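The values are calculated or read from the model by the stated rules, or taken from the named source; none is laboratory data. What you see is a predicted model, and the numbers here were worked out from it, not measured in a lab. A quick note on method: Cβ atoms are made from the backbone with ideal geometry, for glycine too, and the neighbour counts reach across all protein chains shown. Ligands, DNA and RNA are stripped out before the accessible areas are found, and what is left, the full protein with its side chains, is counted by its heavy atoms. Shrake-Rupley method; radii C 1.70, N 1.55, O 1.52, S 1.80 Å.
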Amino acid sequence: MVRKWLLAALAAAVVTGCGAAAHHQPGQVVQPVEKKRNQQPLLEMKERITGVRAQLEERFSIRFMALGVGADEVLLQIRSAQDIEKIITSEEQKEIREAVFAAAGSEFPLNLTVWSCCRGEPDITGIIQDADGDRILIVNENKKVGSSDLPEATWVNLQPDGILRIGGAAAKAEAMDSSLAGKEAQVWTTGLIANSHPGQASALKIVIE
């Protein structure tokens, strides 16, 4: 999945101050790492984009999913906002790319990808067991956590512009209460699930029977 690839790329990105310090002898001249030195312009571009993020998101009705710096490019992943299942066309991607360059003041190596919601299999499935405020606990007894006997369990909340359907009808997040216990749910997430038990995830779309 594109999201997982981008997150892996961001995790592997070399950024200033990260990584183990190199050991050297007193008086030895330590040569600067070429990649880190060449990354500085990209880091500056990333900061410029961060500064105009809100304007770009409002102008194009998008949300930034991830923004970081790789070895030789800026990594930016976006999704459609409000109408989260809308496909961002190649022409719209071109306009967004040009707007990013304009905001940064010049062109630079940019890896722009789009996170498309809810077209594949759901990320989380199971039975709702509990509710807590604006989130529900979904448990899948058919899936276990690693080699343990613990079933997969995840607390799920809904993104502000996310889709919630209950019994085939559109609903608001306030409807996610204990009355849903025992119902089957399917969830499409933002791609990030906290590694805990129960896990924690933010949903773009939740469908409840």
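Relative intensity of the range 139-182 on a log10 scale, I(q)/I(0) at q = 0.26 Å⁻¹, equals -0.96, per a Debye sum over C-alpha point scatterers of equal strength in the absence of solvent. On the accessible surface of the range 73-112, probed at 1.4 Å, how many percent belong to carbon and sulfur atoms? Whole-percent figure for carbon plus sulfur exposure: 46. Under 13 Å of direct C-alpha separation, and excluding same-chain neighbours fewer than eight residues apart, K183 reaches these aspartates and glutamates: D130, E209. Put simply, the amide H of W115, placed in the peptide plane, has neighbours under 5 Å in I78, R79, leaving out anything fewer than 5 places away on its chain.
Diagonalise the Cα gyration tensor of the range 79-209 and give the resulting equivalent ellipsoid semi-axes, square root of 5 times each eigenvalue, largest first, whole Å.
Each semi-axis is √(5λ); the values are 33, 18, 12 Å.
To the nearest 10, the accessible area of L137 is 20 Å² with a 1.4 Å probe. In plain terms, the chain from R119 to A54 could stretch by 20.7 nm, reckoned as 0.36 nm per residue minus the Cα-Cα distance.
If the segment from H197 to Q93 were pulled out straight at 0.36 nm per residue, it would be longer than the present Cα-Cα gap by 33.7 nm. The label-point distance for A169 and A181, in a model that sets each label 7 Å from Cα toward Cβ, rounds to 2.3 nm.
Taking 1 over the mean of 1/r across every pair of different Cα atoms in the range 35-108, what Kirkwood radius in Å do you get? Let's see the in-between values first.
Numbers: mean 1/r = 0.0778 Å⁻¹.
Radius from the Kirkwood sum: 12.8 Å.
Here the range 137-209 exposes an accessible surface that is 49 percent carbon and sulfur, computed with a 1.4 Å probe and the other protein chains kept in place. Cross-link pairs exceeding 28 Å between alpha carbons, from the set K46/K86; K94/K172; K143/K205; K46/K172: K94/K172; K46/K172.
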